[in-house]
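Let me begin by presenting the structure, written as structure tokens, before commenting on it.
The values are calculated or read from the model by the stated rules, or taken from the named source; none is laboratory data. These numbers come from a predicted model, not from an experiment. Here the Cβ positions follow ideal geometry from the backbone for every residue, glycine too, while neighbour counts run over all protein chains shown. Surface areas here come from the heavy atoms of the whole protein model, side chains and all, with no ligands, DNA or RNA. Shrake-Rupley method; radii C 1.70, N 1.55, O 1.52, S 1.80 Å.
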Amino acid sequence: MPPNTAAWLPSPRADLVVEPAAMHEPGAGEILIRSRAIAVNPLDDVKQWTGNLMYRWLGYPAVLGEDVAGEVAAVGPGVTRFAVGDRVAAYAVGMERGRRHEAEGAFQLYVVVREDLATPLPDGLPFERAVVLPLAVSTAATALFQDDQIALRSPTAQARPTGETVVVWGGSTSVGSNAIQLAVAAGYRVIATASAHSEARVRELGAHLVVDRHDPGAVDAVVSGIGEDPLVGVVAIGTGSGDAAVRIAAAGGARRVALLSPPVAFTTLPRRGGPSVAFLRTMARIGLSQLATQVRARAHGVTARFVWGSSLMSNDVGPMLWRDYLPAALAAGRHICAPDPEIVGEGLESIQHALNLLHDGVSARKLVVRL
């Protein structure tokens, strides 16, 4: 194998630097992937932009990244699902607490991942398309199926309709695109919000009704669309979506809201250390907005909890998704890799460019770098 190379975050708020990296061996229950495609996520942008506001346990230099697709280069002891040469997509969890940060960050040529957070890929599915899945589908599954979130029943190949409805606010996002498909595969009717130009795509993913999220009457339109069917929960994706989700849950009789985005974007903070007026203003807005959302939720008997996508690696949602659902669903074409990838560069040197584009704003697509 050629030597390993990584796109390192050398210090807080710095640009990535491509330099040599150690070749790490997979441990028990792990595989080593030769990366062929990497996607960038808002978590990567937030970590780079805000320094140690999040992931304070990461030392420097750090290897960020969660989404990877490629070929298995080596397998660790006890691995039974994969062999060298297999095509896979995987959720790299090197940024999480207690993991081998340098070995398991996705922004490198050779990435160590957990066997139970990887799926084989059909031969006709390109790496660049499959790599849009890992973090997004994991976060969606955590929101929908984890016991302390909405706690839906699991998806199956031929799920019978439950007669119940799930609302996905932010249906054209990466997480929303997967949440719609997972909920439908579990037998639930889905109402989603999206912009007008994304409506057709969101319907293709399985949404029964799509409401324009820019419409001032969007909350009322969603509530009207629920009708007489029981509403079991609301997934809130996008800055400021929490308040709308709680209002929908309260009106529809649901008791659970899964929160995936803060009320104010962290990336509005200045990219520099130390206190500032902008920092204090942003943090105050986040605190007050979140307090108002929680007060409204409690007043209506609604539980609104934030989702941490990696928590599925510690419960039965992870195996359900990565072992029991995804391999067969991808092979049969029942689960679509969405949103569409946009390839924005070649090689590790292009990851910083991808992060810059992500920070400027991306809608209904996933930014991918081909290796």
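So here's what we get for this one:
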item	result
Subset of the range 288-328 that is modelled with pLDDT under 95 and of a type in the set (V, I, T) - its residue that is most open to solvent (accessible area, probe 1.4 Å)	V295
Qualifying position, being out of contact with any strand residue (DSSP E or B) (no Cβ under 9 Å at 6 or more places or on another chain) and within 30 Å of E199 (Cβ to Cβ), among A304, A328, A299, A364	A328
Residues of the range 254-271 satisfying the condition of being outside any loop (DSSP other than H, G, I, E, B), open to solvent by less than 50 Å² (accessible area, probe 1.4 Å) and either within 14 Å of Q294 (Cα to Cα) or at pLDDT below 70 (or both)	V257, A258, L259, T267
Out of L125, L144, sole residue that is under 15 Å from the mean Cα position of the chain (by Cα) and of a type outside the set (G, A, S)	L144
Checking A28 against (1) assigned to a strand (DSSP E or B); (2) more than 22 Å from the chain's Cα centre (by Cα); (3) of a type outside the set (V, I, T), the condition it does not meet	(1)
Members of the range 60-72 that are of a type outside the set (D, E, K, R) and surrounded by 19 or more Cβ atoms within 10 Å (Cβ to Cβ)	A62, V63, L64, G65, V68, A69, G70, V72
All helices (runs of 4 or more DSSP H) inside the range 107-193 with 1 or more residues being free of Cβ contacts under 8 Å to residues at least 40 places away in the same chain and among the basic types (K, R)	none
Residue count for the range 228-253, restricted to those that are open to solvent by 50 Å² or more (accessible area, probe 1.4 Å), more than 25 Å from G287 (Cβ to Cβ) and assigned to a loop (DSSP other than H, G, I, E, B)	3
Tally of residues being over 19 Å from the mean Cα position of the chain (by Cα) and not in a helix (DSSP H, G or I) across the range 291-333	5
Given (1) touching a Gly at 6+ places or on another chain (Cβ under 8 Å); (2) crowded, with 19+ Cβ neighbours inside 10 Å, index of the condition H353 fails	(2)
Residue among A207, A221 that alone is open to solvent by 20 Å² or more (accessible area, probe 1.4 Å) and either over 18 Å from A258 (Cβ atoms) or part of a loop (DSSP other than H, G, I, E, B) (or both)	A221
All positions within the range 169-180 that are of a type in the set (S, T, N, Q) and open to solvent by 10 Å² or more (accessible area, probe 1.4 Å)	S172, T173, S174
